Amino acid sequence: MHLAVQALRSGECPVALAGGVTVMSTPGTFVEFSRQRGLSPDGRCKAFAAAADGTGWAEGVGVVVLERLSRAREQGHRVLAVIRGSAVNQDGASNGLTAPNGPSQQRVIRQALANARLSPQDVDAVEAHGTGTRLGDPIEAQALLATYGQDRDRPLWLGSLKSNVGHTQAAAGVGGVIKMVLAMRAGTLPRTLHVDEPTPQVDWASGAVSLLTEAQPWPERNGTRRAAVSSFGISGTNAHVIVEQPPAATGPAPARRDLPTVPWVLTARSAPALRGQAARLLSHLADAEPADVGLSLVATRSSFEHRAVVVGDDRATLVDGIAALAGGASAGCLVTGSAAPEEGVVFVFPGQGAQWVGMATGLLDTSPVFAARMAQCAAALDPVTGWSLLDVVRGGDEIESAEVIQPVLFAMMVSLAEVWRSLGVHPAAVIGHSQGEIAAACVAGALSLDDAARVVALRSRALRVLAGQGGMASVSLPAQHVLARIGPGVSVKRGERAVLDGGLR
């Protein structure tokens, strides 16, 4: 998690997965630790207890999804907690491979606090490494007393998940993080099990640290709950992470609403395989939300030659369409056996004339990606147009002036392209007409959003000056016949030719 946070902050990746897993497929670890008298005879971890008599091994797996808070908000993802700070170190030359080092633990805690820009008093609880050994627990407790336990107006609460599930080794750290995130949501600090009394090997009076022998309510301080999690490796690597309750969103959260029409896209290498995909999908639709199914199908599946799309505005229609497809029928489905490969996708951006009153308002309310890109377009357009893009779109009034229509359509096209990209559809080429050319250049990266906004604003303003000074007509005759009949001041545009009823335009 420490390395993932660094990668996210430096922009190396937009999303990271961090976790750990332990599978004990051989008895080797049991044998080695039993020889060292490091195993609890009853298999229970009695963390920080007077009765502590060794650790108890367990298997486990845990993974967390990490991304920058700003991106998570833009994408409409539910934020469970925020990593405020983290640190790792190595205790170097110590008194043995399995023996922890107190001064190194103190240093990693202070480094994590400095990274988080917090004082020890800002942390409410610590999910400790707490393995239940007579050697390790007292050293860890003294390090916590020396760092978190000083100059506090209320005690730091101390607990260990290992008392509940055992020591899952490589999965222990992520397990502790998950525990504290769930505790934040519940507003309760769970108790540590199997504690007869706090170990007498620790001078508990030297600081304000209290063992969670009973569950405690977890009040918010200034709207925030905050905890730290420690994880210490057998070879001397120490890690400390500080997590906190996520801040309230500064703006209204995107409303989760079912789209008026939802597509379910299936893809396979052959027609029989396509029907098989439909049959398998039917068995997983018991409690699934239609929009979630649609997103998963289009964003997480490979694209093959044979495809089918079932479109519906309610769950029953969609399920009936999939059932028909599984049975070999194609009623209500769009089925194709030869689709262009994904790398051949072309985005075509049209010119003026496609607008209507109320366009985009549905997507602004239902698509966080579209809404975020429209907000960026507004930030680029508003200063150079002198009017508000979002006010015009949401105003519901007729859009008559090219000076307004063209910037609005430009923003629409750029934002729709971002929606397609978020769904995994990336263009190999772009082409556009009129202000669509500017949108195409922006989507291709030839123009930045700010530069494209200035171009479309100036272009539409120039059209206002030229408006009313000419006319245009489409004539269904060969070009030479038209040229023979026109007078001065009229020309035939030869650059764009199309066959119309045997004639040329």
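Which is farthest toward the positive dipole end of the chain among A324, V165, Q435, measuring Cα position about the Cα centre, with Cβ charges +1 (Lys, Arg) and -1 (Asp, Glu)?
The residue sitting farthest along the positive end of the dipole is Q435.
Step through the residues of segment 231-241 one at a time and calculate ³J(HN,Hα) from phi using the Karplus curve (6.51 cos²θ - 1.76 cosθ + 1.60, θ = phi - 60°), rounding each to whole Hz and writing x for Gly and Pro.
With coefficients 6.51, -1.76 and 1.60, one gets 9, 10, x, 5, 8, x, 7, 10, 10, 9, 10 Hz.
Counting only residues 5 or more places away or on other chains, whose amide H sits under 5 Å from the amide H of T188 once H atoms are built in the peptide plane?
Here the answer is W218, since their amide H atoms fall under 5 Å of that of T188.
Could you give the accessible area per residue of the chain, probe 1.4 Å, as a whole number in Å²?
52
Computing the accessible area with a 1.4 Å probe over protein heavy atoms, can you report the carbon and sulfur percentage for the chain? Working shown, then result.
On the way: 14390 of 26260 Å².
Of the solvent-accessible surface of the chain, carbon and sulfur hold 55 percent.
Can you compute the modelled spin-label distance between S235 and V21, with each label point 7 Å from Cα toward Cβ, in nm?
That separation, rounded to one decimal, is 2.1 nm.
From the helices alone, meaning DSSP H stretches of at least four residues, give me the mean residue ellipticity at 222 nm for the chain, per-run term -39500 (n - 2.57), in deg cm²/dmol to the nearest 500.
One gets -11500 deg cm²/dmol as the mean residue ellipticity at 222 nm.
Taking every DSSP beta bridge that has both residues in the chain, what percent is antiparallel when rounded to the nearest 5?
Values: 41 of 56 bridges.
Counting DSSP beta bridges with both partners in the chain, the antiparallel share is about 75 percent.
Taking amide H positions as placed 1.01 Å from N in the peptide plane, with prolines and chain starts having none, which residues 5 or more places from T261, or on another chain, fall under 5 Å of its amide H?
Under 5 Å from the amide H of T261: no residue qualifies.
So what is the relative contact order for segment 353-437, in percent, with contacts set as C-alpha pairs under 8 Å and at least six apart?
RCO, segment 353-437: 35 percent.
By its C-alpha gyration tensor, with a ≥ b ≥ c as the square roots of the eigenvalues, how is segment 129-170 shaped: rounded for a/c under 1.5, else prolate for a/b larger than b/c, else oblate?
The shape class here is prolate.
Output ³J(HN,Hα) for segment 411-420: one whole-Hz value per residue in order, computed from phi by the Karplus curve 6.51 cos²θ - 1.76 cosθ + 1.60 with θ = phi - 60°, and x for Gly and Pro.
Rounded to whole hertz, the list is 4, 4, 5, 4, 6, 5, 4, 5, 4, 4.
Under the rule of at least 5 residues apart or a separate chain, name every residue whose amide H is placed under 5 Å from the amide H of L447.
Placed amide hydrogens put C442 under 5 Å from L447.
Rounded to the nearest 20 Debye, what is the dipole magnitude of the chain about its Cα centre when Lys and Arg each give +1 and Asp and Glu each give -1 at the C-beta?
720
Quick one: how many Å² of K162 are accessible to a 1.4 Å probe, rounded to 10?
10
If you take the charge dipole of the chain about its Cα centre, with +1 on Lys and Arg Cβ and -1 on Asp and Glu Cβ, which of T385, V310, T29 is farthest toward its positive end?
Projecting each Cα onto the dipole axis, the largest value belongs to T385.
Only sites in a loop by DSSP and with at most 15 other Cβ atoms within 10 Å count here; which GluC sites (Glu not before Pro) in segment 398-437 make the cut?
Of the GluC sites (Glu not before Pro), the ones in loops of segment 398-437 whose Cβ has at most 15 other Cβ atoms within 10 Å are E398, E400.
Could you derive backbone 3J(HN,Hα) for segment 23-31 from the dihedral phi with the Karplus parameters 6.51, -1.76 and 1.60 (θ = phi - 60°), listing whole Hz in sequence and x where the residue is Gly or Pro?
10, 9, 7, 9, x, x, 5, 4, 5
What do you reckon, how do E12, E67 stack up by accessible area (1.4 Å probe), largest on top?
E12, E67
Suppose a student asked you for the relative contact order of the chain, using Cα pairs under 8 Å spaced at least 6 residues apart; what percent would you report?
Across the chain, relative contact order equals 12 percent.
Looking only at segment 109-252, where both bridge partners belong to it, what percent of the DSSP beta bridges are antiparallel (to the nearest 5)?
Within segment 109-252, antiparallel bridges account for around 55 percent of the total.
The values are calculated or read from the model by the stated rules, or taken from the named source; none is laboratory data. Since this is a predicted model, take the numbers as computed values, not measurements. Ideal geometry is used to build each Cβ from the backbone, glycine not excepted, and the neighbour counts take in all protein chains shown. Each accessible area value is taken on the protein alone, full model and side chains, heavy atoms only, with ligands, DNA and RNA left out. Shrake-Rupley method; radii C 1.70, N 1.55, O 1.52, S 1.80 Å.
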